[in-house]
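J.: Input: one structure, supplied below.
The values are calculated or read from the model by the stated rules, or taken from the named source; none is laboratory data. These figures come from a predicted structure and were not determined experimentally. In this analysis, Cβ positions are derived from the backbone assuming ideal geometry, glycine residues included, and neighbour counts consider all displayed protein chains. Just the protein is used for accessible areas: all its heavy atoms, side chains included, with ligands, DNA and RNA removed. Shrake-Rupley method; radii C 1.70, N 1.55, O 1.52, S 1.80 Å.
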Amino acid sequence: MGVAELTRNAVDVLPAGELERKLANGKPLRVKLGIDVTSPDIHVGRAIPLQRMRAFQDEGHTGVLIIGDYTTRIGDPSGRSAERPVLTDEEIDSNARTYIDQAVVVLDPDRTEVRYNGEWLSKLTYAEVVQLARTLTVARLLERDDFAKRMAAQAPISVSELLYPLMQGYDSVAVEADVELGGTDQLYNLLAGRDVMEAYGLEPQVVLTTPLLLSWDGKKMSSSEGNNIPLTMAPEEQFGRAMRIPDELLPDWYRLVMQREPPPGDPLEAKLELARFIVRRSHGDEGAERAEQHFTRVVREGKAPAEAEIPEVGVDGGDVYLPELLKAQFGQSNSHWRRVIEQGGVRIDGDPVTELELPAERLAGAVIQAGKRQFLKVSG
């Protein structure tokens, strides 16, 4: 495959020549990617560094996927103009349980080592945290762009945020990473990891960054923005969201997601091919075919979906919290679906519903419509 394929779409590969030197040693490399569990989903934007990990795996290297159950409790300040709200332990644990199944949509499970960073970070003593803090100076920490902007705006920066890149760097120490992957917004954290590794007597990792994927609204794809396409989202919804990508962003999506140049000619056909790829990767040929049929019928022809096309779910007895049911099927957040329900955007068997919690008996056998194009049938 060669270095060119391993570094396809890379923005930074640092230090120059170091990856080639490590590869020349002939031993399998440990290629690290850390993902904090700030949302329930890994989306196609987050999957771009996963694709780089898969390229290394295909060459015989080991992918080390770190589920950031502990660093999520601190909150990554990268790209933030304010401190990120910290999730509850229950939310973090719930999100973490789903990440492995989502990651193997892209990764080779046989060459993936999955680790939770609570495994080592939760065991650090106070003295060991102080020792870790000595590996970087305050001046170096405040060099990062997001901190500099907040300092200039006199916005608060918590000490826990200053500790975040140190904790991420310690992950590299714990797993003895040879290469660390991440988006361009992670460049500072990844480079700080080199300093931390050197302070602990290890050979510093190579840093490889990939571009951030812009969504249909021109913003970085983000679960909190709701402009994402989760890897395990229902195929019909994945297809519909992919079809929202504007023509001018198609070249970037082809290069980053499909890893090839877009075809010449009709942008609509190129967009359909992109949507088929995204759904096929997650759900196979059958899922892609079903999703395209649904899109043609519901979106292009403006018809209700055929009954066989409507995904069906079961519910337990008692009361059902409707936002949670819709989130599980269509993504987004509970708060998003609460707003949609309160604004009359959800119907049950054609009738608007404003209640957030409904008896299971009322939902049994019903078709729920969320917005114009999302449908869900509850098994009777």
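J.: Does any residue in the stretch 291-305 that is under 16 Å from LYS271 (Cα atoms) and at pLDDT below 90 come within less than 7 Å, Cβ to Cβ, of a residue that is outside any helix (DSSP H, G or I) and not hydrophobic (A, V, I, L, M, F, W, C) six or more places away or on a different chain, and which pairs are these?
T.: Short answer, once both residue conditions are applied: HIS294/PRO305; VAL299/ARG373.
J.: Can you find a residue that is loosely packed, with under 15 Cβ neighbours inside 10 Å and in contact (Cβ under 8 Å) with a residue 24 or more places away in the chain anywhere in the stretch 338-349?
T.: No.
J.: Which is modelled with pLDDT under 90 and open to solvent by 20 Å² or more (accessible area, probe 1.4 Å), of GLY284, GLY265?
T.: Details: GLY284 fails: modelled with pLDDT under 90.
Step by step, each of GLY284, GLY265 is checked, and only GLY265 is modelled with pLDDT under 90 and open to solvent by 20 Å² or more (accessible area, probe 1.4 Å).
J.: Go through the stretch 19-57 and give me each residue that's more than 17 Å from ARG281 (Cα to Cα), of a type in the set (D, E, K, R) and surrounded by fewer than 24 Cβ atoms within 10 Å (Cβ to Cβ).
T.: GLU20, ARG21, LYS22, LYS27, ARG30
J.: So which residues in the stretch 105-156 are part of a helix (DSSP H, G or I), crowded, with 16+ Cβ neighbours inside 10 Å and of a type outside the set (A, V, I, L, M, F, W, C), if there are any at all?
T.: ARG111, GLY118, ASP146, ARG150
J.: Could I ask something else about it? Just for the stretch 176-199: of the residues that are surrounded by fewer than 24 Cβ atoms within 10 Å (Cβ to Cβ) and of a type in the set (D, E, K, R), which one is farthest from the chain's Cα centre (by Cα)?
T.: GLU198
J.: State whether one or more residues within the stretch 288-300 are touching a helix residue (DSSP H, G or I) at 6+ places or on another chain (Cβ under 7 Å), open to solvent by 30 Å² or more (accessible area, probe 1.4 Å) and aliphatic (A, V, I, L, M).
T.: Yes: one or more hits.
J.: Let me confirm something: among LEU132, LEU181, which residue is under 20 Å from VAL206 (Cβ atoms) and touching a residue at least 40 places away in the same chain (Cβ under 8 Å)?
T.: LEU181
J.: What residue, among those in the stretch 12-36 that are among the hydrophobic types (A, V, I, L, M, F, W, C) and out of contact with any Leu (no Cβ under 8 Å at 6 or more places or on another chain), is nearest to THR210 (Cα to Cα)?
T.: Per the stated criteria, the residue is ALA16.
J.: Given (1) open to solvent by 50 Å² or more (accessible area, probe 1.4 Å); (2) of a type in the set (Phe, Trp, Tyr); (3) at pLDDT below 90, where does PHE277 come up short, assuming only one miss?
T.: It is condition (3) that PHE277 fails.
J.: Oh, and also: So which residues in the stretch 340-380 are in a strand (DSSP E or B), acidic (Asp, Glu) and at pLDDT 85 or above, if there are any at all?
T.: Answer for the stretch 340-380, where residues must be in a strand (DSSP E or B), acidic (Asp, Glu) and at pLDDT 85 or above: just GLU357.
J.: Could you count how many residues in the stretch 162-175 are open to solvent by 10 Å² or more (accessible area, probe 1.4 Å) and either small (Gly, Ala, Ser) or over 24 Å from the mean Cα position of the chain (by Cα) (or both)?
T.: Adding up the residues that qualify gives 1.
J.: Every residue in the stretch 228-274 that is touching a Pro at 6+ places or on another chain (Cβ under 6 Å) and of a type in the set (Phe, Trp, Tyr), please.
T.: Hit for the stretch 228-274 is TYR254, nothing else.
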